[in-house]
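Quick notes on the structure that follows.
The values are calculated or read from the model by the stated rules, or taken from the named source; none is laboratory data. Note that the structure is predicted; figures quoted are calculated from it, not measured. Every residue, glycine as well, gets a Cβ built from its backbone with ideal geometry; the counts of neighbours run over all protein chains shown. For the accessible areas, the whole protein counts, side chains as well, though only heavy atoms, and no ligand, DNA or RNA atoms are used. Shrake-Rupley method; radii C 1.70, N 1.55, O 1.52, S 1.80 Å.
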Amino acid sequence: MIRFLEIFGFLSVLLRGATLSFQSLTVGGVIFLTLVAGALRVESEAARGSCLRWIRRFAIALVVTQVAYVLTNGVILAQSADLTIFEIAGANFAIAGIIAALSALTIAILARTERGERPLALLLPAALILAGGVMTSHAVARIEDRVLLIILATLHQGATAAWIGGLPYLLISLKNTSEGATAQALTRRFSRLAMFSVVTLASAGLAMSYFYVGSWAAVPGTSYGAMVASKVAMLGFLLVLGALNYKIVHAVRNNSQSSLASLRRFGEVEIGIGLTVILAAASLTSQPPAVDIQAGRVTLPEIAARMAPRVPRMKSPSASDLPTAIYENRWRATENTALPESFVPGQAAVHPNTPAEKAWSEYNHHWAGLFVLVIGILALAARTGYAEWARNWPLVFFALAAFLSVRSDPENWPLGPNGFWESFADPEVFQHRVSVLLVIAFAIFEWGVQTGRMMVRRAELVFPLVGAVGGALLLTHSHSLGNLKEELLAELSHIPLALCAVLAGWSRWLEMRLPSEDRTRNKLSWIWPVCFILIGIILLNYRES
């Protein structure tokens, strides 16, 4: 059980992110049918039927993730706090989960009947789903300004659902609509809804930041503030895409099929980045608001001192210099000890990092940065067309994967005393292992694509998906909570890495998916190699002291 507690923090963030994503996609579908498609005579019944089918699928997925979230948290409470099932059922998260799950199940059932043809019948359960989402937000937990914060949280989540959650249904409708006039009306109506949603989302988010963050110093000084800043950065990406889409919407009015195809591709990226923002929001709910953390904040001089450029560490300390006795004692202790009275996921048996451990970690980051920098330079050289041999740049990722699998966690197999399987109980190690698998998958598929050895059309999408998913997971990458300043300083270097990975993945997606006549495609093809170079530079300057 203690090992499940260790990974619980990361698992709960992923489940929370999944519930928020499926919540937005379910509610967004209902809003789309009501406000965008409902007022039009959509000639294609296939479009409406396809929208209802996807609403039903997302609603069922929401039921599954909500049940999993409630059960996971319930098991933790039952085992660690010795609570009964009736006591757990009365907890706020359980009530909210049950409300959302039952409402989603209602939508799934109605979407299969004739009532699904009348979107107004779906509005009440959709509103209850939103209510369940707000019940597990920070707003309900606040004592002061609770009513105002609940209203703001409802507006924020509702606007997210209308924009990001409704966008897939626009693409579905356009794909199943042959009438040019209908396509124009759909894009025009959704564009208006999206603009209103963006204003509402940004306004509500800004107001909530005033209450939750409290000051500019808390933005870089706390983990909560840093995550809010990352959400703002990704919102900036979305606004750029939205501006491009707005121009395309006007081109659609001229019955331009290529413009309609470009609209779909930019819409796909908006959905992907939007879901990444939702995952970041899920990570925020697992952390205390910045305004509640006054002691132990990181100051700007401390950040500047840590981020100041220095010569990379290219020489490794010996594995014998690492405190292996601490690792051995930790795993022995978790075998037969009872659950602690107070437990913070990720904080079991925390010890301050020794100088040798810090040097080991810096060495790993710096060599990884060198690999990625070489990859970025080779990819950029291949992009120029003057170095055909540089197209083999994905092979460097195999070397990076081998390096990371051995060096990332010296307390575990193959260098340390902890076995291969038992090491997965540590959430940080688990994330490292998943990252290595993503690197290997990326190398295999992208090398085949770059050299023309892999002619499968979908193989070219592995690169953008791995980059986007890897960046999203890095945003949830949590360190132990033993030293708030040290962990936050490490996190501040991870956030720009995540943003560069997300930008690289989705720019590559557009390069692959946009029509060949779209002039934006060529410009986007230069973005992802530059992102690799930036990632390499950031890693080469990573410090833990």
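With the condition kept exactly as written, say whether any residue in the stretch 509-516 is touching a residue at least 40 places away in the same chain (Cβ under 8 Å), open to solvent by 30 Å² or more (accessible area, probe 1.4 Å) and among the aliphatic types (A, V, I, L, M). Checked the stretch 509-516: no residue is touching a residue at least 40 places away in the same chain (Cβ under 8 Å), open to solvent by 30 Å² or more (accessible area, probe 1.4 Å) and among the aliphatic types (A, V, I, L, M).
Conditions (1) over 27 Å from residue 270 (Cα atoms); (2) of a type in the set (D, E, K, R), marked per residue:
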position	(1), (2)
67	yes, no
79	yes, no
91	yes, no
96	yes, no
101	no, no
109	yes, no
113	yes, no
144	yes, yes
173	no, no
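Residues of the stretch 249-277 that are of a type in the set (A, V, I, L, M, F, W, C) and modelled with pLDDT under 90: 249, 251, 252, 260, 261, 263, 266. Among the β-branched types (Val, Ile, Thr), at pLDDT 80 or above, more than 25 Å from residue 166 (Cβ to Cβ) and crowded, with 17+ Cβ neighbours inside 10 Å: does that describe residue 107? Taking the combined requirement at face value, the residue does not satisfy it. Only one entry in 443, 468 is small (Gly, Ala, Ser), open to solvent by less than 20 Å² (accessible area, probe 1.4 Å) and out of contact with any Ser or Thr (no Cβ under 8 Å at 6 or more places or on another chain), namely 443. Annotation note: Cβ proximity below 7 Å between a residue of the stretch 469-489 that is outside any helix (DSSP H, G or I) and aliphatic (A, V, I, L, M) and a residue that is at pLDDT 75 or above and open to solvent by 30 Å² or more (accessible area, probe 1.4 Å) (sequence gap 6+ or interchain) occurs for 481/487. Within the span defined as the stretch 493-508, one or more residues are open to solvent by 60 Å² or more (accessible area, probe 1.4 Å) and part of a helix (DSSP H, G or I). Can you say whether residue 39 is at pLDDT below 85, part of a helix (DSSP H, G or I) and under 30 Å from residue 182 (Cβ atoms), as far as the supplied structure shows? When the stated conditions are applied, residue 39 does not pass them.
Look at (1) within 30 Å of residue 290 (Cβ to Cβ); (2) assigned to a helix (DSSP H, G or I); (3) open to solvent by 30 Å² or more (accessible area, probe 1.4 Å) and you find that residue 215 fails only one, number (2).
Set side by side, the residues 71, 77 differ, and just one is at pLDDT 85 or above and on the phi < 0 side of the Ramachandran plot, which is 71.
Evaluation of residue 321 against the conditions (1) among the charged types (D, E, K, R); (2) modelled with pLDDT under 80; (3) open to solvent by less than 60 Å² (accessible area, probe 1.4 Å) shows that the sole unmet condition is (3).
Helices (runs of 4 or more DSSP H) fully within the stretch 73-184 that include at least 2 residues being under 21 Å from residue 286 (Cβ atoms) and of a type in the set (S, T, N, Q): 146-160. Can we say residue 100 is in contact with a Leu (Cβ under 9 Å, 6 or more places away or on another chain), at pLDDT 90 or above and open to solvent by less than 40 Å² (accessible area, probe 1.4 Å)? So residue 100 fits the description; yes.
Taking the criterion of being touching a Phe, Trp or Tyr at 6+ places or on another chain (Cβ under 6 Å) and surrounded by 21 or more Cβ atoms within 10 Å (Cβ to Cβ), the residues of the stretch 273-306 that qualify are 273, 289, 290.
I'm checking my understanding of the structure. Among residues of the stretch 517-534 that are assigned to a loop (DSSP other than H, G, I, E, B) and closer than 13 Å to residue 383 by Cβ, which one is least open to solvent (accessible area, probe 1.4 Å)? Among them, the one singled out is 525. Only residues that are in a helix (DSSP H, G or I) and either within 25 Å of residue 315 (Cα to Cα) or touching a strand residue (DSSP E or B) at 6+ places or on another chain (Cβ under 6 Å) (or both) were counted across the stretch 348-392, and they come to 24.
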